[in-house]
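Encoded as structure tokens, the structure appears first; notes follow it.
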């Protein structure tokens with residue numbers, strides 16, 4: 001994943017965290033070890049801190065990997081919590097926010113990718129001439 005694309009996803013997470021603190025609060029840090037049975041029920045813990053760390057360390061090779069971790073975090077919330085519970089409801093809100101923001105971000109990423117490809121093709125044509 002190119003740096004510019006990684007930065008778009010980093011900004012997406014920052015935007016959601018900055019503008020929707022009440023929604024993201026349950027997902028910022030790992031679930032504490034003393035939460036009953038959480039780590040018995042959830043085999044792949046994920047939180048925003050881990051996602052940021054992976055973005056910062058260039059651990060994601062693709063958009064699909066990044067999105068997969070966000071979806072894992074939300075899936076964990078749905079699995080461990082029940083409908084109507086605070087964390088479950090925040091996960092639903094986060095899901096909607098993420099999908100909306102991600103659609104906008106993907107459009108920007110695709111536009112940038114097309115521009116880069118056009119620049120490469122233009123350079124190749126000049127070299128042939």
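Read the figures in this text as sums done on the coordinates, not as results from a lab. Everything numeric in this text was worked out from a predicted model, so none of it was measured. Every residue, glycine among them, receives a Cβ derived from its backbone with ideal geometry; neighbour counts consider all protein chains shown.
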At 1.567 mPa s and 4 °C, Stokes D of the stretch 3-128 from Kirkwood alpha-carbon radius, µm² per second:
80
If I build a Gaussian network model for the chain, linking alpha-carbon pairs within less than 10 angstrom, which residue out of 49, 68, 84 has the largest mean-square fluctuation?
84
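In percent, how large is the relative contact order of the chain, given Cα pairs closer than 8 Å and 6 or more residues apart? Could you put the intermediate results ahead of the total?
Working: 82 pairs, mean separation 36.5, N = 129.
Across the chain, relative contact order equals 28 percent.
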Most fluctuating of 70, 24, 35 in the GNM of the chain (C-alpha, under 10 Å) is 35
Listed residues 76, 34, 99, most fluctuating in the chain (Gaussian network, C-alpha, under 10 Å)
34
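Exposure proxy check: 13, 28 ranked by fewest other beta carbons within 10 Å? Working shown, then result.
Details: 13 18, 28 12.
Result, fewest neighbours first: 28, 13.
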What does the extension gain come out to for residue 34 and residue 56, with contour length at 0.36 nm per residue minus their alpha carbon separation?
5.1 nm
Using r as the Cβ-Cβ distance of residue 121 and residue 71, and R0 as 35 Å, what FRET efficiency do you calculate, to the nearest 0.05?
0.55
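Please report 85, 5 as a ranked list, fewest other C-beta atoms within 10 angstrom at the top and most at the bottom.
Working: 85 12, 5 19.
Taking fewest neighbouring Cβ atoms as first place, the list is 85, 5.
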Estimated [θ] at 222 nm from DSSP helical runs (n ≥ 4, -39500 (n - 2.57)) normalised by residues in the chain, nearest 500
-24500 deg cm²/dmol
